[in-house]
1. Working only within the stretch 192-249, note down all residues that are of a type in the set (A, V, I, L, M, F, W, C), outside any helix (DSSP H, G or I) and more than 25 Å from residue 136 (Cα to Cα).
2. Identify all residues within the stretch 147-168 that are over 15 Å from the mean Cα position of the chain (by Cα) and in contact (Cβ under 8 Å) with a residue 12 or more places away in the chain; write none if there are none.
3. So in the stretch 117-157, with the set limited to residues that are of a type outside the set (Val, Ile, Thr) and in a strand (DSSP E or B), which one is surrounded by the fewest Cβ atoms within 10 Å (Cβ to Cβ)?
4. Please verify whether residue 35 is touching a residue at least 12 places away in the same chain (Cβ under 8 Å), surrounded by 15 or more Cβ atoms within 10 Å (Cβ to Cβ) and under 20 Å from the mean Cα position of the chain (by Cα), treating the condition exactly as stated.
5. Being under 16 Å from residue 159 (Cα atoms) and not basic (Lys, Arg) is the filter; apply it to the stretch 1-29 and report the residue that is nearest to the chain's Cα centre (by Cα).
6. Just to be sure before I move on: is residue 233 outside the structural domain of residue 101 (by TED's automatic domain parsing), under 30 Å from residue 155 (Cβ atoms) and hydroxyl-bearing (Ser, Thr, Tyr) in the structure I sent?
7. So, of the residues in the stretch 169-183 that are part of a loop (DSSP other than H, G, I, E, B) and touching a residue at least 12 places away in the same chain (Cβ under 8 Å), which turns out to be nearest to residue 17 (Cα to Cα)?
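The values are calculated or read from the model by the stated rules, or taken from the named source; none is laboratory data. Everything quoted here is computed from the prediction, not taken from an experiment. A quick note on method: Cβ atoms are made from the backbone with ideal geometry, for glycine too, and the neighbour counts reach across all protein chains shown.
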Amino acid sequence: MNEVIAKILDHRSIRSFEDRLLTSEQIQAIVQSAQAASTSSFVQAYTIIGITDPVKKAALAELAGPQSYVENNGHLFIFCADLHRHEIVAEMEEVDLSEPLESTEKFMVATIDAALAAQNAAVAAESMELGICYIGGIRNHLPEVTELLNIPPKVIPLFGLAVGYPKGQSEKKPRLPIEHVYHENEYQPNKEEFIAQLEKYNDTISGYYRKRTNAVRKDTWTSQMVGMITKKSRMYMKDFVERQGLNKR
């Protein structure tokens, strides 16, 4: 196992950071690493917004949860799916791209591009002994986030990435067993095997929580998923995305 793989496998989310800002060199290295990620057909359909204004960080922290680590970190990056620049490209080249830019496929391209870039950024940050935490909570109030960050049409803020110097280490959460997520040649829809794997994983997760909370918490993964998916959240999203001029066709 090389150092890169070891660092990836040692990942855990960090939600408490030292009061210490990243340097401009660190920020640049993280963004350049994000840009080095694969991108569909060289479209590069994402934008990264770095938040340094303490007022904006505080507002985002409140909109996201509230989540204190959105405000208190070394640097906050907001990753956006971005097809706005491609509208400008259309103007420059004097062509009409309105229909393809509104397609579900191009929306998927933009969200995938942004996610690939973000994961490169996360690995780069962790390689510098920094901690990271993805912030999906900004999608709780996207109209307000859009106004706060002056987001134009054809752009969707997808998630934040809080980066900083860890104040202590959290424990790693055990992932699903590899045989549950990796299939060869075709999807293996053996229901009995699936259930057996999930029951075994439930035991693992329940043990993790028992140890971490001194037996105060002992929930399973499947019970967590039922609770999370049952709860209706961000049900405005389809309308919001379409109002931004994306995923309409």
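1. 215, 216
2. Within the stretch 147-168, the subset over 15 Å from the mean Cα position of the chain (by Cα) is 147-155, 164-168.
Selection gives 148, 149, 151, 152, 153, 154, 155, 164, 165, 166, 167, 168.
3. Per the criteria, the residue is 134.
4. no
5. Only one residue tops the list, namely 13.
6. Values: outside the structural domain of residue 101 (by TED's automatic domain parsing): yes; under 30 Å from residue 155 (Cβ atoms): yes; hydroxyl-bearing (Ser, Thr, Tyr): yes.
Yes.
7. Narrowing the stretch 169-183 to residues part of a loop (DSSP other than H, G, I, E, B): 169-177, 182-183.
Filter once more, so that each one left must be touching a residue at least 12 places away in the same chain (Cβ under 8 Å): 169-174, 176-177.
Working: 169: 10, 170: 11, 171: 15, 172: 17, 173: 19, 174: 23, 176: 28, 177: 30 Å.
Here the answer is 169.
Residue by residue, here is whether (1) touching a strand residue (DSSP E or B) at 6+ places or on another chain (Cβ under 8 Å); (2) outside the structural domain of residue 153 (by TED's automatic domain parsing); (3) part of a helix (DSSP H, G or I); (4) among the basic types (Lys, Arg) holds:
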| position | (1), (2), (3), (4) |
| --- | --- |
| 8 | no, no, yes, no |
| 15 | yes, no, no, yes |
| 19 | no, no, no, no |
| 28 | no, no, yes, no |
| 32 | no, no, yes, no |
| 37 | no, no, no, no |
| 41 | no, no, yes, no |
| 49 | yes, no, no, no |
| 60 | yes, no, yes, no |
